[in-house]
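Have a look at the structure below before the remarks.
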Amino acid sequence: MDTMRDNPIQFISSIFCLIILLSAGNTTAELPRLVQPPKSDGTLSFLVVGDWGRRGSYNQSQVALQMGKTGKDLNIDFVISTGDNFYDDGIISPHDSQFEDSFTNIYTASSLQKPWYNVLGNHDYRGNVDAQLSHMLRHLDYRWICLRSYVVNADIVDVFFVDTTPFVDKYFVEPKDHVYDWRGVLPRHKYLNHLLTDVDVALQESVAKWKIVVGHHTIKSAGHHGITIELEKQLLPILEANEVDLYINGHDHCLEHISSINSGIQFMTSGGGSKAWKGDMNKWDPQELKFYYDGQGFMSVDITEAELRVVFYDGYGRVLHRWSTYEKRLYSEIYSQ
Ligand SMILES: *[C@@H]1O[C@H](CO)[C@@H](O)[C@H](O)[C@H]1NC(C)=O
């Protein structure tokens with residue numbers, strides 16, 4: 001990955017070539033794919049942060065500082081952002097000072113100078129979505145990677161990024177005084193149907209040992225927003241049918257782990273990048289709710305072929321919760337020998 005840091009231009013252009021290559025010649029829609037090489041020993045590690053862009057305020061800078069330290073300890077390969085990248089209303093243009101003030105000048109540690117794979121949150125949709133998707137941002141800060149929905153192939157793991165904001169009815173039905181940028185999303189039913197099919201196909205085609213899906217909105221959560229019913233109805237069955245290992249989201253400004261009793265999916269909320277919602281929590285089945293923290297922090301994921309480990313930290317690096325699992329298919333391979 002050092003070559004990537006040394007030569008950001010080459011990194012950017014290789015990504016564009018890849019997108020163009022993979023989208024050309026495909027008559028059916030297919031999610032754009034990016035390739036993320038693992039470490040030379042085949043393992044990967046990354047951090048996850050969500051709901052962060054507040055020009056350093058609400059402990060955003062403190063969380064960033066600690067991410068830099070933890071990122072160095074874990075020798076991370078990349079960072080995932082679960083959306084709500086810029087408060088309150090996204091960015092207005094690629095030249096919006098928010099981009100520097102809330103991203104470039106905040107996450108300054110050398111360990112964080114890696115690709116940042118972003119999704120859009122509902123607050124990002126209140127600004128100029130095209131600006132956040134714009135190639136201009138990559139010229140300003142080569143780490144920035146933001147597409148609506150896409151797949152990152154990292155050998156032992158495939159990470160599927162899903163644009164969840166257009167699923168939520170209330171943003172369309174009762175937007176209140178918020179203005180959402182739905183350019184590229186309308187007609188909505190068509191956009192959602194294509195997206196669900198594309199995600200399903202991409203998951204089915206995946207040959208990676210591990211499958212992780214990332215979206216901004218919650219599917220299961222004891223936080224303020226709770227369950228996103230539209231995703232529970234439409235996206236969850238696809239994740240279950242394809243034996244996804246983790247669903248990672250933000251939106252609720254907390255850190256949380258729910259282990260589904262009905263499926264093997266672990267639901268991880270990492271939405272503690274800045275302003276946290278202290279004390280704002282609903283009831284959840286204690287058998288499923290493994291961890292809930294209503295302050296700031298972030299999450300790390302370590303992956304080997306055999307094991308996936310998740311750790312949650314507060315803004316001072318204190319470990320709050322650990323969870324790990326062994327790969328299901330590994331057991332069946334052993335049994336069949
Ligand atoms: C910043 O973090 C500290 C320690 O967790 C907490 O006590 C404080 O309330 C936080 N400040 C804000 C503005 O969230």
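Laboratory data are not the source of any read-out in this text; all were calculated from the coordinates shown. Keep in mind it's a predicted model, so treat the numbers as computed, not measured. Every residue, glycine as well, gets a Cβ built from its backbone with ideal geometry; the counts of neighbours run over all protein chains shown.
Assorted remarks:
- Values of log10 I(q)/I(0), in the order q = 0.11, 0.24 Å⁻¹, for the range 55-173 under a Debye, Cα-only, solvent-free model: -0.37, -1.50
- Comparing R55, R126, R188 in a Gaussian network model of the chain, where Cα atoms under 10 Å apart are tied by springs, the biggest mean-square fluctuation is seen for R188.
- Projected area, mean over directions - the chain, Cα convex hull, nm²: 16.9 nm²
- Within straight-line reach of K275, meaning a Cα separation under 16 Å, there are no lysines at least 8 residues removed in sequence or on another chain.
- The length gained on full extension between E205 and S263, counted as 0.36 nm times the residue separation minus their Cα-Cα distance, comes to 18.8 nm.
- For K170, a cut-off of 12 angstrom between C-alpha atoms picks up these aspartates and glutamates, skipping any fewer than 8 places away in its own chain: E230.
- Distance between modelled label sites at H95 and D177, nm, 7 Å Cα→Cβ extension: 2.9 nm
- Taking one quarter of the surface of the convex hull spanned by the alpha-carbon atoms of the range 223-337 gives a direction-averaged projected area of 8.1 nm².
- Placing +1 on each Lys and Arg Cβ and -1 on each Asp and Glu Cβ, with no other charges, gives the chain a dipole about its Cα centre of roughly 340 debye.
- In terms of distances greater than 21 angstrom between alpha carbons, the cross-link table entries K114/K209; K190/K233; K233/K290; K220/K283 yield K114/K209; K233/K290.
- Over the residues of the chain, the helix contribution to mean residue ellipticity at 222 nm works out to -7500 deg cm²/dmol, using -39500 (n - 2.57) for each DSSP H run of at least 4.
- Furthest towards positive pole of dipole, M268, L186, A241, structure part the chain, Cβ charges: M268
- Among V63, V201, V213, the residue with the largest mean-square fluctuation in a Gaussian network model of the chain, with springs joining Cα atoms closer than 10 Å, is V201.
- Antiparallel %, DSSP beta bridges [both residues in the range 2-336], to 5: 55 percent
- Placing pseudo-labels 7 Å out from each Cα toward the beta carbon at Y316 and R188 gives an inter-label distance of 4.4 nm.
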